[in-house]
Amino acid sequence: MASLKLTDIEKAYGVTKVLKNINLEIEQGEFIVFVGPSGCGKSTLLRMIAGLESITGGDLQIDGQRMNEVPPSKRGIAMVFQTYALYPHMTVYDNMAFGMKIAKASKEEIHERVSKAADILQLTPFLERLPKALSGGQRQRVAIGRAIVRDPKVFLFDEPLSNLDAALRVATRIEIAQLNESMPDTTMIYVTHDQVEAMTLADRIVVLSTRGIIEQCGAPMELYENPKNVFVARFIGSPAMNVYDCKVMETGEKTRVAFEEGGHSFTVNVPSTPDQKGKPAKFGVRPEDLRLCEDGDEPLYKCEVRIVEKLGEVTLLYLEPPHEGEEALIAKIPGTHDFKRGEMVTLTADDEKRHLFNEEEISFRWIGKE
Amino acid sequence: MEQLASALGTVIVGVLACVAYFYGSNWLLDRVFPANAASAEKGIKNLQIAHAVRPWLFLGPALLTLGLYLVYPALDSVRLSFYNSDSTQFVGLDNYVWLWFDDGFRQSMFNNMLWLIFVPAMSTFFGLVIAALTDRIWWGNIAKSLIFMPMAISFIGASIIWKFVYEYRGEGSAQIGILNAIVEALGGDPQAWITIPFWNNFFLMIILVWIQTGFAMVILSAALRGIPEETIEAATIDGANGVQIFFLIMVPQIWKTIAVVWTTITITVLKVFDIVFAMTNGQWDTQVLANYMYDWMFRGGGDFGRGATIAVIIMLLVVPIMIWNIRSATRDSKGH
């Protein structure tokens, strides 16, 4: 029912700009996730769309209409808060009916809409209860129900799962996914710092950084496989991508790099221009893409095992980094293996899974594209 | 200077006496029942005795003072209310019967009821509104301090201030009361405000409202800040306007605090004495129970029986509210 367009959106508190140059187009029915470390302004951006925070600069359009000065209730949005924000003195029914009562809807209509929402969320047995008599998961369902009753064009979620315990979080996440499927026309914007939530729920993920800008926006797998820069590369995926300083040795269709001048060199399947030869760069590889070198493989890196963590389905190896003082290199090897501390291993990764970033931490695959 | 010195001396002597008492009695207890007695059995027994006695030693002075100055007068008032004017003859319920048919008492009861409705309602209302408004403006804290200031003034002091506000000078002389000055400036006739029956009650009540609004404001302001901001934001998204948010979302969430503020002020009102005493002394139909009690107790020779009877009535009126108030306060502090 609604498309959104954010043009050059800015937010400043005094002289401090917390968000700048936010450009984003969201199509009707999309599930968009804003993700980023704490303090990156993702919640602020959501609250600006909701109308709870003023917009310092730029244009916010919903369905082609400028919404910057429109009050929250007139934007056709509904919001689910992290702390549920239920009215503690009202029953579940009244909580869900409040918006319609304010809008002076007829009793029959209110009853119909609330009953329907309660039915979807299995809240019917609790309608007469006060929020304090509900569990955390039930409270969050009431908050979602309250949003459904408003029949919004845009659904906003502000870290809705962070106050739930781990098991409930997974269950509620699946419920939200189902809700999204049952409302294919409703646009949903979801804020989280949990990348699992982002990966599993989103049609498109918007990664924000503490610099207050959008680092990259795209489908979850695109972000995972083809991150635009080191920030996105390390933010998506767990454990984070291993990224180390290196030097460009040979350029061309493929690029050859080495951790040390004159040391062991290896190729990365990205093109490079002659002027990059000899320049410092950053090499990245995901822990899950590393594997033990077998005959015929081009060895990538040989080093000493420092710590071994056996998790059953995988074994995590913490290895000596290429340079002193850098973070340990992590390799995620499927299955259980008996590595010993101090043992030397040779690792490799498929050509496609190797990433190279330039001095400005931009991926070679993205240089010159935008 | 001499007075200051003697006051300081008294304080020092008092504190030293207290220290001496607690230290000395503790020491004495340990001497009389030593733990390291001849036999181990005796030592344990001594220890047990000392353990049982010690709390009473420490609590003793406080209990004694409370008993002497609070419990005894309360109980003795009840006893006195069954005796005649000089407490020499038991008269049964005569005083209560007299009170029942007494015009002065009826007027006091009526006026007290007016006070009971008007003062807590207005103080709480103003306190709530001011608390809500001052939270939103930069000079809110300055405004709050000013409004809270009357709390620091004694009732008598406040009455004297307001006496000047209501002051009336006879025909021909300049009006020095601000109220009459305003009335005159607007072209009206100056009035002797506190002598106008019925309405003068309200002029007196305004003084207490002026004092108590600060109290209500401070407590309610804290309560308002305790309301989760998200509930207000959720209501904004739900389309509620400022007034609706205030009455449908904020007030219901602090309802318990409002009730505690209301009842606390109610208790103050039931005991109101100083303001009436200083402003009108009960003349021009402004009599209230506490002043009426004082009248009977100490004026015109004094009638201890009747005075005590009125005191007992006041006590009976206050006690239920007090119990309710303490209960809800302890329930609140225990958390929800």
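The values are calculated or read from the model by the stated rules, or taken from the named source; none is laboratory data. Worth saying up front: this structure is predicted, and the values here are computed from it rather than measured. Every residue, glycine among them, receives a Cβ derived from its backbone with ideal geometry; neighbour counts consider all protein chains shown. Accessible surface areas use protein heavy atoms only, side chains included; no ligands, DNA or RNA. Shrake-Rupley method; radii C 1.70, N 1.55, O 1.52, S 1.80 Å.
Roughly how many debye, to the nearest 20, is the charge dipole of region B:177-331 about its Cα centre, given +1 on each Lys and Arg Cβ, -1 on each Asp and Glu Cβ, and no other charges?
Details: 7 positive and 10 negative charges, 126 e Å.
For region B:177-331, the charge dipole is close to 600 debye.
Would you mind working out the accessible area per residue for chain A, using a 1.4 Å probe, and quoting it in Å²?
Details: 16830 Å² over 370 residues.
Ligands and nucleic acids excluded, the figure is 45 Å² per residue.
Separation of region B:145-186 and region B:290-307, taken as the distance between their Cα centroids, equals 30 angstrom. Taking Cα atoms only, the orientation of helix B:155-166 departs from the longest principal axis of chain B by about 10 degrees. For region B:234-336, applying the loop criterion from DSSP together with a ceiling of 11 other beta carbons within 10 Å to the trypsin sites (Lys or Arg not before Pro) yields B:Arg299, B:Lys334.
Charge tally for A:Lys277 (other residues, Cβ to Cβ under 11 Å; Lys, Arg +1; Asp, Glu -1): +1. Restricting to DSSP loop positions (anything but H, G, I, E, B) with no more than 12 other Cβ atoms inside 10 Å of their own Cβ, which chymotrypsin sites (Phe, Trp or Tyr not before Pro) remain in region B:157-213? Hits after loop and neighbour filter: B:Phe198. When the accessible areas of A alone and B alone are added and the area of the pair subtracted, with a 1.4 Å probe, the result is around 1500 Å², both sides summed.
Roughly what % antiparallel, to the nearest 5, for the DSSP beta bridges in region A:4-235? Could you put the intermediate results ahead of the total?
On the way: 18 of 36 bridges.
Given both bridge residues lie in region A:4-235, the antiparallel proportion sits at roughly 50 percent.
Axis of helix B:199-225 versus longest Cα principal axis of chain B: the two differ by about 60°, to the nearest ten degrees.
Result for chain B in a Gaussian network model with C-alpha springs under 10 Å: among B:Leu128, B:Leu47, B:Leu316, the largest mean-square fluctuation is at B:Leu47.
Among the GluC sites (Glu not before Pro) within region B:137-185, which fall in a DSSP loop and have no more than 16 other Cβ atoms within 10 Å of their own Cβ?
On the way: sites: B:Glu167, B:Glu171, B:Glu184; in loops: B:Glu167, B:Glu171.
Those that pass, being in a loop and sparsely packed, are B:Glu171.
Give me the distance between the Cα centres of region A:231-271 and region A:9-62, rounded to whole Å. Cα centres, region A:231-271 to region A:9-62: 34 Å.
For chain A, the longest principal axis of the C-alpha atoms and the axis of helix A:136-149 are separated by about 60°.
When the other protein chains are added to the chain by itself, burial of at least 40 square angstrom of heavy-atom accessible area (probe 1.4 Å, ligands and nucleic acids ignored) affects these residues of region A:81-129: A:Phe81, A:Tyr87, A:His89, A:Phe98, A:Ile102.
With all protein chains present, how much of the accessible area of the protein assembly as shown (probe radius 1.4 Å) comes from carbon and sulfur, to the nearest whole percent?
61
With a Cα cut-off of under 21 Å and a minimum spacing of 8 residues unless on different chains, the lysine pairs in region A:98-207 number 6.
How much length would be gained if the chain were fully extended between A:Glu313 and A:Arg341, taking 0.36 nm per residue of separation minus their Cα-Cα distance, in nm to one decimal? Don't skip to the answer; put the middle values down first.
Numbers: separation 28, 0.36 × 28 = 10.08 nm, distance 2.00 nm.
Full extension of this stretch gives 8.1 nm more.
Counting Lys and Arg as +1 and Asp and Glu as -1 over every other residue whose Cβ lies under 12 Å from the Cβ of A:Ile174, the net charge comes to -1. Only protein heavy atoms count here; on that basis, with a 1.4 Å probe, A:His264 has an accessible area of about 100 Å². Projecting the Cα positions of B:Val97, B:Trp138, B:Met1 onto the charge dipole of chain B (unit charges on Cβ atoms of Lys, Arg, Asp and Glu, taken about the Cα centre) puts B:Met1 furthest along the positive direction.
The simple Förster model, with R0 at 51 Å and r as the Cβ-Cβ distance, assigns A:Ile213 and B:Ala152 a FRET efficiency of 0.45. Spin-label model, B:Ile160/B:Leu64: points 7 Å from Cα along the beta carbon direction are separated by 3.7 nm. Put the Cα centre of region A:318-356 next to the Cα centre of region B:64-111 and the gap is 92 Å.
Extension gain for A:Val196 to A:Lys369 (0.36 nm times residue separation, less C-alpha to C-alpha distance): 59.5 nm. Take chain B with all the other protein chains still there, run a 1.4 Å probe, and you get 58 Å² of accessible area per residue.
In region B:195-237, burial by the other protein chains removes 30 Å² or more of 1.4 Å probe accessible surface, compared with the chain on its own, from B:Glu230, B:Thr231, B:Glu233, B:Ala234, B:Thr236, B:Ile237.
Using the Cβ-Cβ distance between B:Ala121 and A:Tyr13 with R0 set to 45 Å, the FRET efficiency from 1/(1 + (r/R0)^6) comes to roughly 0.65. Computed 3J(HN,Hα) for region A:250-264, one whole-Hz value per residue from the Karplus formula 6.51 cos²θ - 1.76 cosθ + 1.60 where θ = phi - 60°, is 9, 10, x, 4, 10, 10, 10, 10, 9, 6, 10, 4, x, x, 5, glycine and proline marked x.
How far, in nm, would the chain grow between B:Ile323 and B:Cys18 when pulled straight, counting 0.36 nm per residue and subtracting the alpha carbon separation? Before the final figure, lay out each step's value.
Values: separation 305, 0.36 × 305 = 109.80 nm, distance 3.24 nm.
Here the segment from B:Ile323 to B:Cys18 would lengthen by 106.6 nm.
Within the shell defined by Cβ-Cβ distances under 9 Å, the residues around A:Leu290 carry a net charge of +2, with Lys and Arg each +1 and Asp and Glu each -1.
Over 25 Å between C-alpha atoms is what I'm after, so list which of B:Lys144/B:Lys256; A:Lys247/A:Lys369; A:Lys5/A:Lys282; A:Lys302/A:Lys332 land there. Write out the running numbers ahead of the final one.
Working: B:Lys144/B:Lys256 22 Å; A:Lys247/A:Lys369 23 Å; A:Lys5/A:Lys282 35 Å; A:Lys302/A:Lys332 15 Å.
Pairs exceeding the cut-off: A:Lys5/A:Lys282.
Label sites at A:Asp351 and A:Ser182, each approximated as a point 7 angstrom past Cα along Cα to Cβ, lie 4.9 nm apart. Among A:Val149, A:Pro72, A:Thr83, flag the residue with its Cα farthest along the positive direction of the charge dipole of region A:63-162, charges on Cβ as +1 for Lys/Arg and -1 for Asp/Glu. Value computed over the given set: A:Pro72.
Look at the stretch B:248-254: the mean tally of other chain Cβ atoms within 10 Å of its residues' Cβ atoms is 3.
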